[in-house]
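Structure record follows, encoded as structure tokens.
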Amino acid sequence: MSAIIETERLVKSYRGRPALRGIDLALESGIVHALLGPNGAGKTTLVSILSTVVRPDGGTARVAGHDVRREAAAVRGVIGLAGQHAAVEPKLTGRENLRVFGRLSGLGARAARHAAESALGRLGLEAVADRVAGGYSGGQRRRLDLAVSLVARPALVLLDEPTTGLDPLSRRQLWDAVAELTREGTDVLLTTQYLEEADALAGNVVVLNEGGIVAHGSPARLKSRVAGETVTIAVDRPEHAAVAAQSVPGDCRIDAERMSVTWSSRSGAREALGVFADLGARGIEVRELTIHRPTLDDVFLDLVGAEKPEGGGEPEGAEQPEGAGKPAGAGKPEGGR
Ligand SMILES: Nc1ncnc2c1ncn2[C@@H]1O[C@H](COP(=O)(O)OP(=O)(O)O)[C@@H](O)[C@H]1O
Ligand SMILES: [Mg+2]
């Protein structure tokens with residue numbers, strides 16, 4: 001398996017403030033990689049270095065084996081005309097842009113027309129295809145950029161928060177287009193603030209926080225380290241809470257005063273329905289059902305906390321232990337694998 005992206009001790013500061021604190025990455029070709037992190041984590045800085053737009057202060061970065069500093073032109077060749085580099089011409093229509101990009105990437109006239117129509121359809125841009133790109137909304141523009149990738153098919157596409165601010169339909173279309181790209185052999189690195197999006201699209205997730213890598217691995221592996229949903233079911237009598245507790249698949253807490261049971265689970269909604277059905281079959285009325293999903297903040301606290309050398313224990317139904325602080329040794333590589 002060859003690495004499409006490799007970095008070693010990659011460092012970048014802005015006016016003395018570190019944005020990247022020593023990033024070591026070896027991302028293999030053939031799967032989608034997501035850089036997941038909150039605002040200010042350093043995602044855009046990293047993607048900008050990889051696309052040769054920003055120069056690192058130290059360390060190395062290679063794209064398909066080409067050094068971003070010494071072989072910038074070769075790196076741009078790998079990234080092609082798409083993604084970060086989408087040089088969409090605002091005076092041309094969406095359709096015209098796509099045909100031009102098709103020709104520039106070596107397609108014949110007919111093939112370029114065909115590729116343009118197909119990309120317009122995939123990203124739901126037919127209705128605005130004959131409007132000039134300069135008049136597109138932010139979301140339409142983002143979809144046009146990705147349509148360019150579909151037409152031009154570079155070896156690697158870098159997508160910086162491609163779905164932020166998009167409506168659900170546009171987001172879905174973008175997800176589908178990313179999946180289509182990868183089926184055709186294009187590597188994709190995208191950044192996102194949403195664990196859900198990383199989960200939906202990526203085979204490998206790198207979690208960035210404050211300029212350092214705090215966790216990485218498959219979405220399943222990361223999620224297994226994150227506390228699940230917390231479910232509370234309240235019934236109409238204290239003794240019925242004890243009955244409800246018997247229907248809960250694992251451990252739970254009974255609150256006699258509130259006449260409720262509470263438990264944590266990674267499939268809380270499904271379990272809640274099971275308990276609900278059990279109670280219904282016994283004629284017990286459910287007064288209240290709440291499911292608390294971990295927020296992005298919870299997820300980061302869990303991941304950052306879990307990465308500490310002492311290793312905070314499993315999040316067993318408990319709330320956040322005590323102040324899960326910053327990533328320990330954010331500047332260090334995450335241990336060779
Ligand atoms: N051009 C810039 N000038 C000064 N500071 C910057 C610049 N770009 C980014 N930063 C700072 O670097 C840090 C990382 O930013 P960024 O890479 O944009 O994070 P993200 O994309 O994850 O939100 C932030 O603290 C941000 O304020
Ligand atoms: Mg950003």
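General observations
- Residue in region 84-105 that is assigned by TED's automatic domain parsing to the domain that holds residue 181, within 16 Å of ligand 1 (Cβ to nearest atom), under 24 Å from the mean Cα position of the chain (by Cα) and open to solvent by 10 Å² or more (accessible area, probe 1.4 Å) present: yes
- Unique residue being without any contact (Cβ under 8 Å) to a residue 24 or more places away in the chain and buried (at least 16 other Cβ atoms within 10 Å of the Cβ) when the list is 217, 228, 212: 217
- Residues in region 265-278 that are out of contact with any Asp or Glu (no Cβ under 7 Å at 6 or more places or on another chain) and surrounded by 19 or more Cβ atoms within 10 Å (Cβ to Cβ): 271, 272, 275.
- The set of residues in region 129-179 that are on the phi < 0 side of the Ramachandran plot, within 16 Å of ligand 2 (Cβ to nearest atom) and assigned to a loop (DSSP other than H, G, I, E, B) comprises 162, 163, 164, 166.
- When residues of region 63-100 are limited to those that are among the acidic types (Asp, Glu) and at pLDDT 95 or above, the one farthest from ligand 2 (Cβ to nearest atom): 96
- In region 2-14, the residue that is nearest to ligand 1 (Cβ to nearest atom) out of those that are open to solvent by 20 Å² or more (accessible area, probe 1.4 Å) and modelled with pLDDT of 95 or more is 14.
- Taken together, 60, 45 contain a single residue that is of a type in the set (Ser, Thr, Tyr), modelled with pLDDT of 95 or more and either within 15 Å of ligand 1 (Cβ to nearest atom) or in a helix (DSSP H, G or I) (or both), which is 45.
- Every pair of residues 6+ apart whose Cβ atoms lie under 8 Å, when the first sits in region 126-151 and is touching a residue at least 12 places away in the same chain (Cβ under 8 Å) while the second is assigned to a helix (DSSP H, G or I) and among the basic types (Lys, Arg): 129/95; 130/95; 133/141; 147/122; 150/122
- Residue match in region 291-301 (condition: modelled with pLDDT of 65 or more, open to solvent by 70 Å² or more (accessible area, probe 1.4 Å) and of a type in the set (Asp, Glu)): no
- Among the residues of this structure, residue 159 counts as one that is under 24 Å from residue 52 (Cα atoms) and either within 16 Å of ligand 1 (Cβ to nearest atom) or surrounded by 15 or more Cβ atoms within 10 Å (Cβ to Cβ) (or both).
- In region 42-69, the residues that are over 15 Å from residue 188 (Cα atoms) and in the same structural domain as residue 30 (by TED's automatic domain parsing) form Cβ pairs under 9 Å with partners that are aromatic (Phe, Trp, Tyr) and within 12 Å of ligand 1 (Cβ to nearest atom), at six or more places apart or across chains, as follows: 45/14.
The values are calculated or read from the model by the stated rules, or taken from the named source; none is laboratory data. Small disclaimer: the values here were computed from a predicted structure and weren't measured. Note that we place each Cβ from the backbone using ideal geometry, even for glycine, and neighbour counts take in every protein chain shown. To get the accessible areas, we keep the full protein, side chains included, count just its heavy atoms, and leave off ligands, DNA and RNA. Shrake-Rupley method; radii C 1.70, N 1.55, O 1.52, S 1.80 Å.
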